[in-house]
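The values are calculated or read from the model by the stated rules, or taken from the named source; none is laboratory data. Bear in mind that the values here come from a model prediction, so they are computed numbers and not experimental data. Heads up, the Cβs are rebuilt from the backbone with ideal geometry, glycines too, and the neighbour counts pull from every protein chain shown. What goes into the accessible areas is simple: the full protein's heavy atoms, side chains included, and nothing from ligands, DNA or RNA. Shrake-Rupley method; radii C 1.70, N 1.55, O 1.52, S 1.80 Å.
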Amino acid sequence: MSTAGALTAASEALAEQEQRYLMHTYARQPVLLVRGSGTVVVDAEGREHLDMVAGIAVNVLGHSSPVVRAALESQAATLVHTSNLYYTRPQLDAAQLLVASAFAGRVFFCNSGAEANECAIKIARKWGRLHRDGAHRIVCAQGAFHGRTLATLAATGQARYLEPFAPTVDGFTHVAFDDADAVAAALDVDHVAVLVEPIQGESGIHVMGDGTLRRIRELCDERDALLILDEVQSGMGRSGRFWAHQHAGITPDVMTVAKGLGGGVPIGAVLAAPRADVLEPGDHGCTFGGSPLAAAVAAAVLRSVLEDDLPEAAARRGEQLREALLGLRDDGLPIIEVRGRGLMLAVVLDGDLAQQAARAGLHHGVIVNPIGTRVLRLVPPLTITAGEVDEAVRRLGLALRDAATEAAPPPAP
Ligand code: PLP
């Protein structure tokens, strides 16, 4: 029996149940995860895996973090939900910490990355009405990912996500990623904003050059446009700075945040600098946005990232991870390149091995995320230890060896 991808009887039963009760929107790995602690998750058969995906860059403090648990438990015992018709202390605290971590401005809370970007798009459109004679188009990047609502899908701009849901929301122009000249050519009188990820995640981890980001900032200033940065995946310390744009020494007018903000509890946010702070009562809202429960956790996570200097830890562990992965390449494993920043890395494989490698990883006790056929994404908890980095890479090496062996043509008879 092949090791990579072998479904156990238990996971076949799961697949059957999924078939019956869940919409088929995900290609799931054949494993039932039941509990976790730190970087380790345990499956239903009691096997431990080092989780290098962390809920797709969500569990920044690891699984079942004491920080997240304490905030959840104490807030759950106090006040879970009130709506935004009233003040609540956790939301005020979380907003204050978010501003302190980034730039002066004010915060709107929502539940997800897509909702945060939807809000940012509405800000740009309203700002265009007020300041730019109704200009409303937004320059975005090819390969972007901004979410699954109709407007954020249009900003994402990838035909395979968009076409089944036509007619699409109008108003987005896509140019090459990491290309300030292309932004300069597109940013005309009809365009009111540039919306980009400082590090693209879903496209397979592509880092925008600091010089490009600085030039885009200048272009937005010169042409009176807003710079909106989607830090949903790259933020919360993952890149080695609290926010990935801080590597370039600039600040955006609007920043969107989600994923790691709640350390596993759903919460999103939009931070708008005074220049872009145009929403008024009635313009926008969100029943659950910034609920006491989610906001208390976000405040605790923000404090922890700051006080434990997790951006610095991400930079250090990220360098160690990169070096160790390159070591696998030197050992002859099919790796072409390791790219990314901090603990947001992609392993580019020499061959269509990503799916097999991820399955084989489950066999060897390491969870990685295949993107397409040739890329493995690694976005582990920022609390990963040096020993766990070494062990995860050792296990990934075994998985890659299995995947390469499986893919190799059989020996000639
Ligand atoms: N923006 C970026 C950069 C993302 O990576 C994602 C999700 O992967 C989103 C937005 C959408 O976030 P959500 O799935 O929370 O709606």
Helix-only estimate, please: 222 nm mean residue ellipticity of the chain, summing -39500 (n - 2.57) across DSSP H runs of length 4 or more and dividing by its residues, to the nearest 500. -12000 deg cm²/dmol
Just want to confirm a number: the relative contact order over the chain, from Cα pairs under 8 angstrom separated by 6+ residues, in percent. 22 percent
Between the Cα axis of helix 89-101 and the main Cα principal axis of the chain, the angle (0 to 90°, nearest 10) is 80 degrees
Within the chain: Cβ-based charge dipole about Cα centre, in debye rounded to nearest 20 (Lys, Arg +1; Asp, Glu -1): 460 debye
Cα axis of helix 113-131 to longest principal axis of the chain: angle in degrees, 0 to 90, nearest 10? 20 degrees
What is the Cα centroid distance between segment 120-146 and segment 312-332, reported in whole angstrom? 38 Å
Any idea what the dipole of segment 308-400 comes to, in debye rounded to 20, about its Cα centre with Lys/Arg Cβ at +1 and Asp/Glu Cβ at -1? 300 debye
Compute the relative contact order of segment 66-307 as a whole-number percentage, counting only Cα pairs closer than 8 Å that sit 6 or more residues apart in sequence. 31 percent
Antiparallel DSSP beta bridges within the chain, percent to nearest 5: 65 percent
Given Cβ charges of +1 for Lys and Arg and -1 for Asp and Glu, the option among ILE384, ALA77, THR39 whose Cα lies farthest towards the positive end of the dipole of the chain is ALA77
Binning at 10 Å from 0, report for segment 15-164 what percent of all alpha-carbon pair distances ends up in each bin. 8, 21, 32, 27, 9, 1, 0
Find, to one decimal place in angstroms, the Kirkwood hydrodynamic radius of segment 66-307, where the mean of 1/r is taken over every pair of different Cα atoms and then inverted. 18.0 Å
So, for segment 138-223, what is the accessible surface per residue at a probe of 1.4 Å, expressed in square angstrom? 41 Å²
Normalized C-alpha radius of gyration of the chain, against 2.2 N^0.38 Å? 1.00
Taking protein heavy atoms only, a 1.4 Å probe, and rounding to whole percent, the accessible area of the chain owed to carbon and sulfur comes out at 53 percent
Protection-proxy order for peptides 88-95, 136-143, each taking the mean of Cβ atoms within 10 Å per residue, highest first: 136-143, 88-95
Under a Cβ-only charge scheme (Lys and Arg +1, Asp and Glu -1), can you give me the dipole magnitude of segment 66-168 about the Cα centre, in debye to the nearest 20? 300 debye
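Return a whole-number percent for the relative contact order of segment 296-370, with Cα pairs under 8 Å and 6 or more residues apart as the contact set. It would help to have the intermediate numbers written out before the result.
Numbers: 58 pairs, mean separation 14.9, N = 75.
Relative contact order of segment 296-370: 20 percent.
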